[in-house]
Every structure is written in C-alpha cells, then in structure tokens.
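What follows draws every value from the coordinates through simple rules; no lab data is involved. Remember, it's a predicted structure, so these values are computed and weren't measured experimentally. Don't worry about glycine lacking a Cβ; one is built from the backbone with ideal geometry, like all the others, and counts go over all protein chains shown.
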Amino acid sequence: MKRYLGIAVVLLGGGMIGGALAQDSPSGWLIALGFITLIAGGGLFGSTFASLTKTASSLDTPADKTQPYNKWVYGAFVLLAIYQLIWGDIGSAAGTLGIALVFDPFDQTQPWGERPLWQKAWLMIHLSLALGLLGIHLYDANVLSDLQSGWQDGLNGA
C-alpha cells in the first residue's frame, strides 16, 4: 500500500510541474511545490525498501573507510555553494548544496531514527536551504520563460 501511495504522490508532483510549465505564465511556486511533492513521494516509495537492505553494522564488517572523507567533501561543497551565492549564481548554489547532502558528514551507518535531534535538524535545514534556493531560482521570470520555450520547442520538434 505504501509503495502505491508513493508512486501516486510522485505522479502528482510530476503533474503539478508539467501543468505549471504548460501555462502561459508558469507559477514558480507551483513548480517548487511539485518538486517538494516529488521528493516526498520518492521518500515514501523508497522507505518501503528499507527493510530489504542490511546496514554495515548488521553485516559485522569493518567500519567504512570513506566516512572521514565525506566530512571534507561535504565541507568543500558547502564552501563552493557559498562562493557561488556571493557571485550571484543562485541556481548553481542550489545544485551544489543538494550535491553536498550526498556526502552525509555524520555516521552513515546510523539509521535516521537513531540519530540525535541536532543532526536531523542540521540536515533538514540544509535541505530546506537547497530547496529554497531552487525555488528562488525557478521563480525568476527568465528561468521560467526559458523552461517553457524549451518545452514548447521540444514538443514542436524545433
């Protein structure tokens, strides 16, 4: 049931984005809400597979050696995003912050439910900043008109 609900929410998010882009003057807020819905649906769908995978601690294998590097790579991406924001490239900063989340600076073998509250808050604030920057970038009229004209050119075979 959870899987089907996740698929339905992903389809709803995609429909919201497509519907917004099909309008004469696309709504940036509807596109941002569509992306948030896509993420929520993907998380819901992906959570159904959590019980099928085993964590490194349950396999009794040595600790992962990549974790110390994750902190440095995470920090480098965050610094790059700050640099991009200083120079006014909001779209690139949003993408860079999103990529930084891939390199979780905390213990990745620890399940989400067992993490301390401050780690959860840190990651959720980080995600909110990345999505907020994406929303600001998409709300810019030039970006929305470029997306719409590209979509129309693709449909018309131009």
>> Can you sort W151, W112 from fewest to most other Cβ atoms within 10 Å of each residue's own Cβ?
In response: W112, W151
>> At 0.36 nm per residue, and after removing the present C-alpha to C-alpha distance, how many nm does the segment from L30 to W151 gain when stretched out fully?
In response: 41.9 nm
> With a 10 Å Cβ neighbour count serving as the proxy for reagent exposure, in which order, fewest first, do R115, R3 appear?
Replying inline: R3, R115
>> Under a crude label model (7 Å from the Cα following the beta-carbon direction), how far is L80 from W118 in nanometres?
In response: 2.8 nm
>> Can you give me the distance in nm between label points at I99 and D140, each placed 7 Å from the Cα along the Cα-to-Cβ direction?
In response: 1.8 nm
>> Neighbour counts of other C-beta atoms within 10 Å: give me T109, T37, T96 arranged from fewest to most.
In response: T109, T37, T96
>> What are the ³J(HN,Hα) couplings of the range 28-42, residue after residue, when phi is run through the Karplus curve with 6.51, -1.76, 1.60 and θ = phi - 60°? Round to Hz, x for glycine and proline.
In response: x, 5, 5, 5, 4, 5, x, 5, 5, 5, 4, 5, 5, x, x
>> What are the ³J(HN,Hα) couplings of the range 10-18, residue after residue, when phi is run through the Karplus curve with 6.51, -1.76, 1.60 and θ = phi - 60°? Round to Hz, x for glycine and proline.
In response: 4, 5, 4, x, x, x, 5, 5, x
> Hey, what do the phi angles of the range 73-79 turn into as Karplus ³J(HN,Hα) couplings, whole Hz, using 6.51/-1.76/1.60 and θ = phi - 60°, x for Gly and Pro?
Replying inline: 5, 4, x, 5, 5, 5, 5
